[in-house]
Amino acid sequence: MITRRRFLIVWIGGVIAFAIAAYLHLPLAIDTVPSGITAHQTAGNAARVDYVQSSWAEAGVLRNAFTAMTSDLIFIALYGFGSLLGGLYFLKVGTGTLRIIGWALLASAIIFLATDFTETILQLQQLMAGAGDDRQAALAAAMYYPKAISWIACFVLPLNGIFLDLNRKSAA
């Protein structure tokens, strides 16, 4: 059963997991790779992935990269599934604008889950292999912008939906 409480617990858990994952990514922003994890996500080819990974190895933060990427998987699952629950909840209880938010949130959550899981799994595969792969790097890089846009939508839409839902309840 989809309830407001379940949606909020999972989605807010995802927001908290994002904050933790972002903190775990901080050591990856080094002098030679100032954009940190983003450099790996947008590398686009094996040579750039190799450069990023070798820079992290020289700086002694390669293990941090594994921890940070693994934490991303937990964040993606919580945040993405929380967003799915939010979309389903808004569809269940809403009319008009709240239903539109529900549909938009469902679509955004599916895009987010597909793109961010793809990107992160490909990153982890290259990290664990100790070498970049042109196909994996290109596909991971292609996921970056759809993931980023859907991440924003999965943040803004639930906030708007929660606001409208509270107004709906107080008007009733």
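Read-outs throughout are calculated quantities, based only on the coordinates presented, and are distinct from any laboratory measurement. Note that the structure is a prediction, hence the values are computed from the model and not measured. FYI the Cβ positions are ideal-geometry reconstructions off the backbone, even for glycines, and counts take in every protein chain you see.
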Please list 3J(HN,Hα) in residue order for the stretch 59-64, calculated via the Karplus relation 6.51 cos²θ - 1.76 cosθ + 1.60 where θ = phi - 60°; whole Hz, with x for glycine and proline. 7, x, 10, 5, 5, 4
Quick check for you: which residues of the stretch 67-91 have the amide N under 17 Å from the point 7 Å beyond the Cα of Y23 toward its beta carbon? 67-76
Cα-based helix-to-principal-axis angle, 97-129 vs the chain, degrees rounded to 10: 20 degrees
Could you grab the relative contact order for the stretch 1-115? Cα pairs under 8 Å, six or more apart, rounded to a whole percent. 34 percent
Which net charge results when you count Lys and Arg as +1 and Asp and Glu as -1 among the other residues whose beta-carbon is under 12 Å from that of E119? -1
In debye, nearest 20, what is the charge dipole magnitude of the chain about its Cα centre with +1 on Lys and Arg Cβ and -1 on Asp and Glu Cβ, if you could check? 1020 debye
Please list the non-local residues whose amide H lies under 5 Å from the amide H of G44, H modeled 1.01 Å from N, same-chain partners needing a gap of 5 or more. A141
Step through the residues of the stretch 44-54 one at a time and calculate ³J(HN,Hα) from phi using the Karplus curve (6.51 cos²θ - 1.76 cosθ + 1.60, θ = phi - 60°), rounding each to whole Hz and writing x for Gly and Pro. x, 8, 4, 4, 5, 4, 4, 4, 4, 5, 5
Give the residue from G36, G82, A68 lying farthest towards the positive end of the charge dipole for the chain; charges sit on Cβ (+1 for Lys and Arg, -1 for Asp and Glu) and the dipole is referred to the Cα centre. G82
Based on alpha-carbon centroids, what's the gap between the stretch 1-55 and the stretch 56-82 in Å, whole number please? 6 Å
